[in-house]
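Structure, as structure tokens:
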Amino acid sequence: MRRHRIMVIGSNVTTVQRVSSHCLKQNAEVFPYYCIPTLEEISLFAPHVLVLCLPIPEKFQHQLLQPCILWSEQLMNDKSPLATTFTELSAYLDKFL
């Protein structure tokens, strides 16, 4: 059975680690990234979905081709799915994977 790949991106190490740990429970390959990757770096891992731990530069989000889930403990208005709890994150991961 092929495992899904999730890339967790963010500048706060603690947040990226917590979100990555939760994503591992989805029986997926998880690649935590502690800064803003280039498109080439993303393509090397070839993730099925990206989890962006806010804040992330808006221009970075607009150039992505993969489905994205935004993670934040603060509510925001955005077109991308926003998860503020691990239950919501699991639901979005199930939707995209």
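The values are calculated or read from the model by the stated rules, or taken from the named source; none is laboratory data. None of these values were measured; they are calculated from a predicted model. Cβ coordinates were reconstructed from backbone atoms using ideal geometry, including for glycine residues, and neighbour counts include every protein chain displayed. These area figures cover heavy atoms from the full protein model, side chains too; ligands, DNA and RNA do not enter into them. Shrake-Rupley method; radii C 1.70, N 1.55, O 1.52, S 1.80 Å.
Among the residues of segment 67-81, count how many are open to solvent by 30 Å² or more (accessible area, probe 1.4 Å) and either modelled with pLDDT under 90 or touching a Lys or Arg at 6+ places or on another chain (Cβ under 6 Å) (or both).
Here is the first cut: in segment 67-81, the ones open to solvent by 30 Å² or more (accessible area, probe 1.4 Å) are 67, 73-80.
Remaining after also requiring either modelled with pLDDT under 90 or touching a Lys or Arg at 6+ places or on another chain (Cβ under 6 Å) (or both): 73-80.
Number satisfying all stated conditions: 8.
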Completion exercise
Only one of (1) under 16 Å from residue 83 (Cα atoms); (2) open to solvent by 40 Å² or more (accessible area, probe 1.4 Å); (3) within 12 Å of the chain's Cα centre (by Cα) does not apply to residue 26, and that is (3)
